[in-house]
Amino acid sequence: MRARGLVGAALLGACSPVTPPGLVLDVGRTCEDIELAVADPDVLPGWRIHAAAIARSGADAAWFLASEHPGELELRRAPEDIPGVDLSTVGAPHEFTLTRSAIEGQLWLTLDRDDAAQLWRIDEDAAAVSAGPALAGFPGDASTEWFHRLVFLGQSPYLLALPRLTKVGEVPVHVAAVTPELGLGERWTLTATVTCPPLSELTCPLLWDDLRELSVLDVAEPGSVAGAALLISIASRPDAMPDPAAPPAMFETHILSLALQRDPTAEKPVLTRRDHVAWPTSGPALPSPAQLAADPLGVYVLAGLVPGPDGSSADATPADYLFRTDLLGPDTTDEGDLIALLDKDLHSHLLQLGSRVAIGQLPTKHWYVAPIEGVTVDEDIVGTLEVGEHASLLRAGRGQVVVVGESAPTRRVRIACADDGSQVDAP
């Protein structure tokens, strides 16, 4: 029996009843079924996998940030026919991002530290890993610490810097072109400014002067959107010395996306900001899930809140919110439509499948994947894979995911069109 209806049934009546066309992947044909095929049944046995990326669509090899022993970190290829890089003395796993390039056969590694950044380029065709210089002093403002993320405009790489502390209404975004030597070339400073509706002066974030914590939650896969897109949160900071006699402070978490695009008529890239939701809670909360994906016509955001590390925010969101917004022009502030509320127990996540978007859910020991077309989840096309209890998923780009099991081998799974006439059966 095919596993149909689980993903669609989880959408609380928010989706359009229109039946969309089949899922179109990079292979250039329409899917009648999704197949979750195991490309590598045992990835780096004995190693802990922190991140993964595929350099070439459909390739038999992948690159991993992985640790064999505590305190160690390596960038490794599996199969290992290109030498990797020992990063044990360079940074901790959470300080690196590993991403596919806009160019087939190429990957990038970014070190994001409070005091500096650094880039590595992996070229499979040349069987080489190139390391760039330390990029200290970008953007050259010591008033706060900065996040650094690599994005692509067309096939050209750019490094972004966003402040770790910022006002809600105006967020500075620094952009620098990356040179072939992995240094920084031409630079621009842009501002992501909120647009408030008329007669909203009392609630307009442009009038708020307090600094809040910014976090970079996700970056759209290169090539999935015209330009680049990021998902960020801006949240209240806990009071270091709260007044015990005062009422408990309310916390706010703003979820917004930023799109960076080239404009042939402008001297610098164009930045578009969309504010999706602002959640008040009684205590600190963390965005989870927090993911971004895109198809040729729109951007999808999946976001929710969970209690902070101290567990004080009991009123974090009871459901995860799925938004979709059209790819509009640079002077628009459309936050998009809420197309679904998803029960948190379903462990929903977004997947980028070439130029299409899918939603995955992992409610128990089975993983389900269904495509999204517009505001409709196509539950007639559902891929299923048994992954075991307490499994976790690492998106590796180009339609591939690494499944990390609690007591099972780590597997790399390719999401693709099933062969004609094949069935994807749930055990």
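The values are calculated or read from the model by the stated rules, or taken from the named source; none is laboratory data. Keep in mind the model is a prediction, meaning the values are calculated, not measured. Note that we place each Cβ from the backbone using ideal geometry, even for glycine, and neighbour counts take in every protein chain shown.
Miscellaneous remarks
- Restricting region 267-301 to residues that are in contact with a Phe, Trp or Tyr (Cβ under 6 Å, 6 or more places away or on another chain) and in contact (Cβ under 8 Å) with a residue 60 or more places away in the chain, the residue that is farthest from L256 (Cα to Cα): K268
- Within region 34-54, residues that are under 13 Å from H69 (Cα atoms) sit with their Cβ atoms under 7 Å from residues that are of a type in the set (D, E) and assigned to a loop (DSSP other than H, G, I, E, B), at 6+ positions apart or across chains, in these pairs: G46/E68; W47/E68.
- Candidate set from region 111-127 (those that are surrounded by 13 or more Cβ atoms within 10 Å (Cβ to Cβ) and in a loop (DSSP other than H, G, I, E, B)); member that is modelled with the highest pLDDT: E124
- Which numbered condition E186 fails, given (1) farther than 30 Å from R395 by Cα; (2) part of a loop (DSSP other than H, G, I, E, B); (3) without any contact (Cβ under 8 Å) to a residue 60 or more places away in the chain: (2)
- Members of region 93-110 that are over 16 Å from S224 (Cα atoms), under 14 Å from the mean Cα position of the chain (by Cα) and modelled with pLDDT under 95: none
- Restricting attention to region 148-182, the residues that are under 21 Å from A128 (Cβ atoms), among the aliphatic types (A, V, I, L, M) and over 19 Å from the mean Cα position of the chain (by Cα) total 2.
Residues checked against (1) on the phi > 0 side of the Ramachandran plot; (2) of a type in the set (D, E); (3) loosely packed, with under 14 Cβ neighbours inside 10 Å; (4) modelled with pLDDT of 95 or more:
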{"site": "L206", "(1), (2), (3), (4)": "no, no, no, no"}
{"site": "D209", "(1), (2), (3), (4)": "no, yes, yes, no"}
{"site": "R212", "(1), (2), (3), (4)": "no, no, no, yes"}
{"site": "S215", "(1), (2), (3), (4)": "no, no, no, yes"}
{"site": "L230", "(1), (2), (3), (4)": "no, no, no, yes"}
{"site": "R237", "(1), (2), (3), (4)": "no, no, yes, no"}
{"site": "P242", "(1), (2), (3), (4)": "no, no, yes, no"}
{"site": "E252", "(1), (2), (3), (4)": "no, yes, no, no"}
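- S130 meets all of the listed conditions (1) assigned to a strand (DSSP E or B); (2) in contact with an Asp or Glu (Cβ under 8 Å, 6 or more places away or on another chain); (3) under 25 Å from L292 (Cβ atoms) but one, namely (3).
- Which listed residue, of A134, A102, A66, is in contact with a strand residue (DSSP E or B) (Cβ under 7 Å, 6 or more places away or on another chain) and buried (at least 20 other Cβ atoms within 10 Å of the Cβ): A66
- The number of residues in region 399-414 that are touching a Gly at 6+ places or on another chain (Cβ under 9 Å) and either within 20 Å of A340 (Cβ to Cβ) or in a loop (DSSP other than H, G, I, E, B) (or both) comes to 5.
- Against the test of being in contact with a Pro (Cβ under 9 Å, 6 or more places away or on another chain), free of Cβ contacts under 8 Å to residues at least 24 places away in the same chain and either farther than 21 Å from G91 by Cβ or not in a loop (DSSP other than H, G, I, E, B) (or both), the options S143, S200 yield a single qualifying residue, S143.
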